[in-house]
Each structure stands twice: as structure tokens, then as C-alpha cells.
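The values are calculated or read from the model by the stated rules, or taken from the named source; none is laboratory data. Given the structure is predicted, the values throughout are model-derived calculations rather than measurements. Every residue, glycine as well, gets a Cβ built from its backbone with ideal geometry; the counts of neighbours run over all protein chains shown.
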Amino acid sequence: MEFELNDELRQIYQYGDSLAQKFDFHYWLEHARAHTFPTEMFKQIAEDGFLGMMVPEEYGGAGLGMQEMSLFMEGTANNGIPLLMMVVGPCMAMSHLASHGTDFHKKEILPAACRGDMQLCFAITEPGAGSNSMQITTIAKPKGDRFSLSGEKTFITGADLADYCLVVARTTPFGDVAQKTDGFTIFLVDLKKKGVDMQRVKIAVPVPEQQWTLFFDEVDLGPEDVVGEVDKGFNILFDTLNPERITVAGMCAGVGRYALGRAVEYASERKVFGQPIGAHQGLQHPLAKAKANIELASLMARKAAWQFDKGLAAGEASNMAKYAAAEAGIEAVDAAIQAFGGSAYTEDTGIFEMYPMLRVLRTAPVNRELCLSFIGEKVMGLPRSY
């Protein structure tokens, strides 16, 4: 396993440095406070060819992998620019279509998405089915060779920006399946279709991307909308969930690293009792400890990405990376807040506003308790806890 970056990987990792020359943390923060999407920045990312990183070249992408996507996410976050829409669109939805979509999805949808002409989102969570995906009740009832989709999805990132949504639904009710993982089908749903409605979920966290509840009322779908095989969607669902954990881990590590960089700069200049506050071990040690944990989490995320690209079982490293990076990111921002003192709470610095976003990422897209349960059961061999 090799973690030393070659020239191409290093260029991808450092892309955030160049992006931040025009669209920096304060640009991101301005949009986060207003809950408005940073359209100009996303156009720049599209023009620079990063939306289609995980899409084969024949469909308009770059034909790269999870390692490149994770490094891109971490590199932009290093500059205080976390990009949630890159997780749900280019990483989860677009890569999924590239692997399991129809010819229409691959030849029409993906090239447009790679150019930035359209956006995609991903919908699995329901009001009564969060971490327990087996309890999904959204159903696409078969009607001949077509389907009628009805149900509700919630906490759908960027649904207002998206043209299409990858929707996880049941095509066979839970009570009629031999195994609880049977009966799931994934559809690519045109959000302009009759029967689709949405309502904003007002989130008290400063992020540009808004959250939405989607309502489906007998939405007509056909075989051309199916991604993968009918009733076999669960088999390919985890193709998206491990990448989600990996990219979020990279993002948490990057934001934590950015917060520490800001804290070091401030602590080296701010003087108390005749010397810089950074010289005092009471402040220095928490920052150093957080730095160590950030770098450890970053390494685990890179290991998970490497395993995923090699076709190896990546669940262990993905869950460890997501758990460790969220905890390390929170620790880093908390240490930075303490270093800044009262200044951390002013709008001028924007330091405190990094905390609620990272606190969300301790809970979502998979909470830390489920990460730990996975590690306990699947990695360590302890009895199943749920």
C-alpha cells in the first residue's frame, strides 16, 4: 500500500489551494450563512474537469477513482471549503450511474453532469428510516412493465439544485421478501415529473447546501429509470455508502486542518503576559494533539480509498476513517475556538461556525455509534448489538 502522492495525485490534492485564490473560506462562509449555493465556484470546478472524476472518459469524465475524489475533497477542505454537493452528486450518484446505469444514463445524463449542465442528488433516508434502511417504506409498485412510486424521503441534500435524484425504494414490500435485504430497487427520478414535490427542512447550521423532504405521489417510472436490477438494489447500494464515508472523512480532516492553521497563526501573533499565547503548553498541547489525530484520520481515509479502488473490502477502513475524522475534526475546531478566545465568536473570524457543521458530520451520513458497532461486530468479532 502506497500513500506517497505521485505528481497527478499531488496536483489534485493541491487544487483547493488554487481554487481558494478566487473562492476562499470567506466566500464559502458568506454563502453558508445565507444558505445559498456557491454557483460560481461550482462552475469553476466543472470547467476545471473535477465533477466527472469518477466517470469513465467515454461518458465525459476523467476515469479516475476514489483516491482522487477523496484527495480533491480533502484538498478543498484544507482551505476551509467543504463541498457537500460533491459528495451526493459526483461521488455517490454519478459514480453509481457510471457502474450500474442504463445506456441513456451513461450517454445522456453523465456527460451533461460532468459539464455541470445538470446536478444529481441521492435519496435513501426517510422520516421513519434513518440508519435502519431495512425499514424504508417508499415503494414503487409494479404496473405491468412500469412502476408507480409513492413515499417520502427527508434530509435530501441539494434537492432544489438537482435535476435528477437517485431514489432507493422497495419494489417488493418488506413482509413479502425471503431476506430483509431483498426487494430494493434504485431509480433515477426526474424531479420535474408529475407527482414529485418538495419542502425545505430548515437547518440551524451554516452550510450553503439546503436540506429537503421529497414527496412522491404515484410518480410514473419505467424500466428506463431503473439503475441496476429490480429487487436487487441493496446488492449495489454499498457501492455508494463506503465512498460517502471516505469523502466525508477527507472533508472532516481538511476542515480540522484549516481550523488548526488559523489557530496557529493567531496564537503566534496574539501576546499575553509578554509572549505569544502559542508558547503556553496549556494552549499548545490541545492543538498538537488535535493535529496528530487529524493526520491519523487522514491516513485511514487514504487507506480506505486505496482499498476501494483495488476492489478490496473497504468497510473496515471506511467506517474507521469516518469515525476518526469526525471526532478529530470536532477536536481540532474546538481547540481552535479555545485558542481564539472571544474572537472565535465574532463574524469576522468565522471560526465558531465551523463547529456546527463538523458536529453534524459526527451524526451524518452515518452516526458514530453505527461506525463503532460495525467495528465491534464486523472487525473485532463481538456479538451483534442491534
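Assorted remarks:
- Complete set of residues in segment 27-69 that are within 12 Å of Pro90 (Cβ to Cβ), among the small types (Gly, Ala, Ser) and assigned to a helix (DSSP H, G or I): Ala46
- Search result, residues across segment 57-77 that are on the phi < 0 side of the Ramachandran plot and among the small types (Gly, Ala, Ser): Gly61, Ala62, Gly65, Ser70, Gly75, Ala77
- Residues that are assigned to a loop (DSSP other than H, G, I, E, B) and either out of contact with any helix residue (DSSP H, G or I) (no Cβ under 9 Å at 6 or more places or on another chain) or closer than 14 Å to Gln199 by Cα (or both) within segment 119-161 comprise Pro127, Gly130, Asn132, Thr138, Gly144, Gly158, Ala159, Asp160, Leu161, listed in sequence order.
- Gln179 being more than 19 Å from Met94 (Cα to Cα) and either modelled with pLDDT under 95 or of a type in the set (A, V, I, L, M) (or both): yes
- Checked against (1) surrounded by fewer than 24 Cβ atoms within 10 Å (Cβ to Cβ); (2) more than 25 Å from Pro56 (Cβ to Cβ); (3) not acidic (Asp, Glu), Ile81 passes all but a single condition, namely (1).
- Summed over segment 1-36, the residues that are touching an Asp or Glu at 6+ places or on another chain (Cβ under 9 Å) and surrounded by 15 or more Cβ atoms within 10 Å (Cβ to Cβ) give a count of 11.
- Filter pass, Thr138 being among the polar types (S, T, N, Q) and surrounded by 15 or more Cβ atoms within 10 Å (Cβ to Cβ): yes
- Within segment 87-118, considering residues that are among the β-branched types (Val, Ile, Thr) and in a helix (DSSP H, G or I), the one surrounded by the fewest Cβ atoms within 10 Å (Cβ to Cβ): Ile109
- Residue that is farthest from Arg270 (Cα to Cα) [pool: residues in segment 297-350 that are in contact (Cβ under 8 Å) with a residue 60 or more places away in the chain and of a type in the set (Lys, Arg)]: Lys303
- Qualifying residue in segment 195-206 (condition: crowded, with 22+ Cβ neighbours inside 10 Å, free of Cβ contacts under 8 Å to residues at least 60 places away in the same chain and either of a type outside the set (A, V, I, L, M) or on the phi > 0 side of the Ramachandran plot (or both)): no
- Within segment 287-313, restricting attention to residues that are farther than 18 Å from Met251 by Cα and surrounded by 19 or more Cβ atoms within 10 Å (Cβ to Cβ), the residue that is nearest to the chain's Cα centre (by Cα) is Gln307.
- Matching entry among Ile156, Ile186 (being at pLDDT 95 or above and more than 22 Å from Asn235 (Cβ to Cβ)): Ile156
- Cross-chain or 6+ apart pairs with Cβ under 8 Å, segment 361-386 first and under 22 Å from Thr125 (Cβ atoms), then hydroxyl-bearing (Ser, Thr, Tyr) and crowded, with 17+ Cβ neighbours inside 10 Å: Arg368/Tyr323; Cys371/Tyr323; Leu372/Tyr323; Ser385/Ser373; Tyr386/Ser373
- Pairs meeting the criteria (first residue in segment 26-38 and on the phi < 0 side of the Ramachandran plot, second residue part of a helix (DSSP H, G or I) and crowded, with 19+ Cβ neighbours inside 10 Å, beta carbons under 8 Å, at least 6 apart or on different chains) are Tyr27/Met41; Trp28/Met41; Ala32/Met357; Phe37/His31; Phe37/Met85; Pro38/Trp28; Pro38/His31.
- Helices (runs of 4 or more DSSP H) (entirely within segment 277-380) containing at least 1 residues that are small (Gly, Ala, Ser): 281-309, 315-340, 368-374
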